[in-house]
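Undergrad: For reference, the structure I am asking about is given below.
FYI, it's all coordinate maths here, none of it is from the lab. Treat the numbers as computed from the prediction; the structure is a model and nothing was measured. FYI the Cβ positions are ideal-geometry reconstructions off the backbone, even for glycines, and counts take in every protein chain you see.
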Amino acid sequence: MTQGATQPSVTVRFRLNGEDRVVQVPPYRLLLDCLRNDLGLTGSKEGCAVGVCGACAVLLDGKMVSSCLLLTVMADGADLTTVEGLAQDGRLHPVQQGFVDHGGFQCGICTPGQVVAAKALLDANPAPTEEDIKDWMMGNLCRCTGYYQIVESIKHAAANLAAEGKRVAAGRPAPRRAAARRAAGPAGRARRPAAKRRPGRHRGAASRP
């Protein structure tokens, strides 16, 4: 390459957290880098950079993907949701509220990916068993909580979503949740689920059936 030559860029258009966005990026720009460095959305984190820790998880057309493996150009025309896009009208998403109420986080590095993964789970399976939760979340690693509080957070989020759905079906407005508060007490410890993997888990355009 000739010294001083400029790198070519491409135009990528997508819908991000409900807003149409257009970015000019080099063809090699990873989606995670575009979100964090070009668009200022720093909720998604880089943990392993090889698609196995889950910290960078985002939703692409409703399917969970590892943004550290996906090129930005591959999101052209897609509908993207990051953790920043889950709260609506000043209210936390039930999954976010569940993590707050039940201590599903400590240092917070993995929390955005955990929350996005949990939302994807409840979108696909609104009434998961504890084993369903453990199986789905095994690709999201955490070194702080011991996983017990994460599982509890998701179980309570599922229950709250189900209750809210019943209220809506009955024509009654859902009550506003209390302001987010810090969960009291240390997070519990529990045995970590067996480290098995399913094909396609956190590998770029990985999708759930």
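Undergrad: Hey, among the residues in the stretch 4-29 that are among the aliphatic types (A, V, I, L, M) and over 17 Å from the mean Cα position of the chain (by Cα), which one's farthest from Leu60 (Cα to Cα)?
TA: In this case the residue turns out to be Ala5.
Undergrad: Can you find even one residue in the stretch 141-155 that is buried (at least 20 other Cβ atoms within 10 Å of the Cβ), among the charged types (D, E, K, R) and in a helix (DSSP H, G or I)?
TA: yes
Undergrad: So which of Val65, Val58, Val22 ends up being free of Cβ contacts under 8 Å to residues at least 60 places away in the same chain, β-branched (Val, Ile, Thr), buried (at least 20 other Cβ atoms within 10 Å of the Cβ) and not in a helix (DSSP H, G or I)?
TA: None of the other options fit; the residue is Val58.
Undergrad: While we're here: Say whether the condition of being closer than 22 Å to Asn17 by Cβ and aromatic (Phe, Trp, Tyr) is met by at least one residue in the stretch 99-122.
TA: Yes, that holds for at least one residue.
Undergrad: Residues in the stretch 39-48: is at least one under 23 Å from Gln114 (Cα atoms), in a helix (DSSP H, G or I) and small (Gly, Ala, Ser)?
TA: no
Undergrad: Right, another one. Being part of a helix (DSSP H, G or I), under 19 Å from Ser44 (Cβ atoms), in contact (Cβ under 8 Å) with a residue 24 or more places away in the chain and among the β-branched types (Val, Ile, Thr) is the requirement here; does Ile109 meet it?
TA: no
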